[in-house]
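Input: a single structure, listed below in structure tokens.
The values are calculated or read from the model by the stated rules, or taken from the named source; none is laboratory data. It should be emphasised that the depicted structure is a prediction, and the values quoted were computed from it without experimental measurement. Every residue, glycine as well, gets a Cβ built from its backbone with ideal geometry; the counts of neighbours run over all protein chains shown. Quick note on the areas: whole protein, heavy atoms, side chains included, nothing else; ligands and nucleic acids left out. Shrake-Rupley method; radii C 1.70, N 1.55, O 1.52, S 1.80 Å.
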Amino acid sequence: MFGILFLCLFSVGVFAETSIAILDFELNDVTLAPRIPAEIERTASIKAMLEGELKRAGYKIIAVDLNAQHEANSGFGYLFDHSDIAAELANKAGADYVLVGRLHKPSYLFAYIMGHLVRVNDGQLIGNYISETKGGDKKLTLKGVESLAVKIDKDLDNIYTPPPPSKTIGLSNTSAGVEVPSEKPHTLAFGDAQLKWGSCPPLFPKGCEIAVLHGDPAKPNADVFLKVPANYTIPSHWHSSAERMILVSGELRIEYSGHSPSVLKPGTYAYGPIKAPHKASCTDSGPCVLFIAFESPVDAHLAEGSQK
């Protein structure tokens with residue numbers, strides 16, 4: 001009989017869940033544009049994220065009445081700095097531990113998820129944690145929460161394992177059954193025989209050629225090579241799309257209306273804004289080849305007053 005009673009008591013001790021109450025996180029935003037709606041929303045989401053991670057590991061999450069939390073709080077940072085008051089609050093709810101959190105944002109690029117873990121029965125601070133997160137993206141915030149959960153668990157039961165990185169930050173993992181993209185990677189050089197060169201839009205003088213590298217020119221995000229012979233002049237024109245360009249060969253002089261001209265040499269990057277009139281000329285003794293990435297469907301329109 002004594003043995004059975006011992007086993008029962010032992011079983012209860014082994015399987016008793018560690019309970020933890022997580023208070024609402026407070027936002028400490030010291031940037032020049034503090035407490036924008038997006039940051040307030042992100043701060044409010046941290047508690048639920050952390051509860052989800054700890055609950056998944058096997059911790060018992062204890063809810064604390066929001067009104068009681070507000071009554072116990074005497075101002076910004078009060079519960080964060082007064083472990084005894086936080087412990088009293090969690091004790092009334094029946095928790096073993098309480099986590100008081102803060103999102104500290106000192107700059108637009110970085111934020112720090114901070115937490116004080118307090119043991120309820122004696123009000124002692126047993127853990128002071130900081131997890132860095134960059135930007136305001138939800139997945140990056142969750143990554144910071146997972147890091148915080150690892151630190152909390154290390155001081156408690158050592159039962160938490162964060163999800164694999166592929167599930168956290170969206171990296172492909174074919175072994176886990178993630179769908180493989182249908183597109184195949186490929187490379188092309190401007191001298192490749194497989195390139196199909198065609199005429200440029202009629203507004204350009206004869207001799208201009210274009211080859212599609214990727215995508216459909218009638219749809220967004222098409223990449224092309226533009227090739228013109230030596231001493232060729234491209235008349236002033238504009239596009240509905242922005243252009244991102246890199247000169248592959250030759251030397252190209254390009255001028256945007258209202259701006260000083262630039263001379264592109266092989267490897268030079270250039271950006272062309274939407275609907276910005278510009279003209280260009282190939283000043284090299286050989287052909288000029290320009291790589292262009294279009295954001296929107298490819299088009300070209302003569303600028304007012306220009307001639308073909």
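Points to keep in mind about this one:
- Verdict on E146 being part of a strand (DSSP E or B), at negative phi and acidic (D, E): no
- Some residue of segment 255-270 being touching an Asp or Glu at 6+ places or on another chain (Cβ under 8 Å) and in contact (Cβ under 8 Å) with a residue 60 or more places away in the chain: no
Yes or no, residue by residue, for (1) modelled with pLDDT of 95 or more; (2) within 27 Å of L188 (Cα to Cα):
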site	(1), (2)
I254	yes, yes
V263	yes, yes
T268	yes, yes
C288	yes, yes
P297	no, yes
A303	no, no
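Residue-wise test of (1) in contact (Cβ under 8 Å) with a residue 40 or more places away in the chain; (2) part of a loop (DSSP other than H, G, I, E, B).
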{"position": "Q69", "(1), (2)": "yes, no"}
{"position": "S74", "(1), (2)": "no, yes"}
{"position": "A87", "(1), (2)": "no, no"}
{"position": "A95", "(1), (2)": "yes, yes"}
{"position": "V118", "(1), (2)": "no, no"}
{"position": "D122", "(1), (2)": "no, yes"}
{"position": "L125", "(1), (2)": "yes, no"}
{"position": "S131", "(1), (2)": "no, no"}
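- Filtered residues of segment 267-281 (kept if outside any loop (DSSP other than H, G, I, E, B), small (G, A, S) and under 14 Å from A303 (Cα atoms)): A280
- Of the listed requirements (1) under 21 Å from D223 (Cβ atoms); (2) at pLDDT 95 or above; (3) of a type in the set (V, I, T), I274 misses just one: (2).
- Extreme residue, farthest from the chain's Cα centre (by Cα), among residues of segment 261-275 that are over 17 Å from T233 (Cα atoms) and surrounded by fewer than 17 Cβ atoms within 10 Å (Cβ to Cβ): P266
- Count of residues meeting criterion [modelled with pLDDT of 75 or more, open to solvent by 90 Å² or more (accessible area, probe 1.4 Å) and farther than 30 Å from N128 by Cα] in segment 145-189: 4
- Annotation: of all residues in segment 104-131 being under 14 Å from the mean Cα position of the chain (by Cα) and not hydroxyl-bearing (S, T, Y), the one that is surrounded by the fewest Cβ atoms within 10 Å (Cβ to Cβ) is L109.
- Failed condition for G258, given (1) touching a strand residue (DSSP E or B) at 6+ places or on another chain (Cβ under 7 Å); (2) more than 22 Å from A211 (Cβ to Cβ): (1)
- Tally, over segment 29-65, of residues that are open to solvent by 40 Å² or more (accessible area, probe 1.4 Å), at pLDDT 90 or above and of a type in the set (A, V, I, L, M): 5
- With respect to the stated conditions, L290 fails to be part of a strand (DSSP E or B) and in contact with a Pro (Cβ under 6 Å, 6 or more places away or on another chain).
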